[in-house]
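Q: I have a structure I would like to understand better, so I am pasting it below and will then ask my questions one at a time.
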Amino acid sequence: MARVPRKNQSQQLAEQLRLHIEEARLPDGELFMTEAEVAERFEVSRTVAREAVGQLRAIGLLEGRQRKGLIVRHPDPVRLFSESLPSLARSDDDLADLARLRYALEVGSIELAVQNATDEQISRLVVIARQIKQTVCGDGDQKVAKEKELDVMFHSLLLEMTGSTLIAGMQRVLVDFFSTVEARAPLDAANAERIAAEHEELAGAIRDRDVERARAMIGAQVRPYLPGNSDKR
């Protein structure tokens, strides 16, 4: 094999190792080379080999096993996204970008939700929408917390309806993340009732398999989370 250039040796070696795993279609749990074998095969120092392997271990592609050396792993992208999310949100601009990702994820996936939703899922969605309306119209100290809980359930179910565990998982990570950084004032009665009605309308559109109406309603639901629109929620 050609010698890896000195500049950025560990990064380049990590990419070569990743390509090797991909092209060889190594299955999850497959025994991999040791660091010493990596250094010998790719003609690099043990330090460079250790750094390259460390980069792949950091993303879950390789895992160290005592007395076995390294084994191949197929990392979970949702877990990786969840673990890296705090470092992706270091500024207001980063948060704005993540809010746009959430918007694109939910609005862009609504067609799949309409097409793939089961009758049982639709029934659950209608029930949750009804519960949101009842909660909004009710009283009690836990009212705001209950509204938030039901809203998360509603939107999580929408993503589950797509049939994609990746989409649903990514959306759940974003919802959970934003729930820890958002500080929204309680809604007044008029806005709370409007949002409850939007949930019912969206559930009805999905029940009727009406993609365009569903897309319009989901846009209304999540648009307030976009930068500059939080005052409309």
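Q: Excluding Gln134 itself, calculate the net charge of residues whose Cβ lies under 13 Å from the Cβ of Gln134, where each Lys or Arg counts +1 and each Asp or Glu counts -1. Show your work: numbers first, answer last.
A: Details: positive: Arg130, Lys133, Lys143, Lys146; negative: Asp139, Glu147, Glu193, Glu200.
Around Gln134, the charge tally is 0.
Q: Hey, got the dipole for the chain? About the Cα centre, +1 on K and R Cβ, -1 on D and E Cβ, debye to the nearest 20?
A: Details: 33 positive and 38 negative charges, 143 e Å.
Dipole about the Cα centre, nearest 20: 680 debye.
Q: Multiplying the sequence separation of Asp139 and Leu166 by 0.36 nm and subtracting their Cα-Cα distance, what value in nm do you get? Walk me through the numbers before you get to the answer.
A: On the way: separation 27, 0.36 × 27 = 9.72 nm, distance 3.70 nm.
Between Asp139 and Leu166, full extension yields an extra 6.0 nm.
Q: Also, quick follow-up: Kindly report the accessible area of the chain per residue (heavy atoms of protein chains, probe 1.4 Å, no ligands, DNA or RNA), in Å².
A: Normalised by residue count, the accessible surface of the chain is 57 Å².
Q: For a quick check of your reading of the filter: which trypsin sites (Lys or Arg not before Pro) in segment 36-84 sit in a DSSP loop and have no more than 15 other Cβ atoms within 10 Å?
A: Arg67, Lys68
Q: Report the one residue of Ile128, Ala113, Phe81 whose Cα lies farthest in the direction of the positive end of the charge dipole of the chain (charges on C-beta: Lys and Arg +1, Asp and Glu -1; origin at the Cα centre).
A: The residue sitting farthest along the positive end of the dipole is Phe81.
Q: Quantify, in whole percent, the carbon and sulfur part of the accessible surface of segment 59-103 (1.4 Å probe; protein heavy atoms only).
A: 49 percent
Q: Turning to a different aspect of this structure: At a 1.4 Å probe radius, which order do Ser123, Ser109 fall into by accessible area, largest first?
A: Output order, biggest surface exposure first: Ser123, Ser109.
Q: Would you kindly calculate the translational diffusion coefficient of segment 1-95, applying Stokes-Einstein with the Kirkwood radius from alpha carbon pairs, for 25 °C and a viscosity of 0.890 mPa s, and quote it in µm² s⁻¹ without decimals?
A: Using the Kirkwood radius from Cα pairs, D works out to 170 µm²/s.
Q: If you average 1/r over every pair of different alpha-carbon atoms in segment 47-160 and take one over that average, what Kirkwood value in Å do you get?
A: Numbers: mean 1/r = 0.0551 Å⁻¹.
The answer is 18.2 Å.
Q: Cut-off under 17 Å on the C-alpha distance; same-chain residues fewer than 8 positions from Lys133 excluded. Which aspartates and glutamates are left, in chain and number order?
A: Asp141, Glu147, Glu149, Asp151, Asp188, Glu193, Glu198, Glu200, Glu201
Q: Would you mind checking segment 188-221 for residues with the amide N under 16 Å from a putative spin-label position 7 Å along Cα→C-beta of Ser123?
A: What the label zone holds, given the 16 Å backbone N cut-off, is 207-208.
Q: Under the rule of -39500 (n - 2.57) per DSSP H run of 4 or more residues, summed and divided by the residues of the chain, what mean residue ellipticity at 222 nm is obtained, to the nearest 500 deg cm²/dmol?
A: Details: 10 runs with 157 residues, N = 233.
One gets -22500 deg cm²/dmol as the mean residue ellipticity at 222 nm.
Q: Calculated FRET efficiency, Arg79 and Thr47, Cβ-Cβ r, R0 25 Å, to nearest 0.05?
A: It comes to 0.30.
Q: Let me ask another. Which one is right for this structure if semi-axes √(5λ) of the Cα gyration tensor in Å is calculated from it: (1) 27, 23, 17; (2) 46, 19, 15; (3) 30, 22, 17?
A: It is the one labelled (2).
The values are calculated or read from the model by the stated rules, or taken from the named source; none is laboratory data. These numbers were taken from a predicted model, which means no experiment stands behind them. Glycine gets a Cβ as well: all are built from the backbone with ideal geometry, and neighbour counts include every protein chain shown. Ligands, DNA and RNA are stripped out before the accessible areas are found, and what is left, the full protein with its side chains, is counted by its heavy atoms. Shrake-Rupley method; radii C 1.70, N 1.55, O 1.52, S 1.80 Å.
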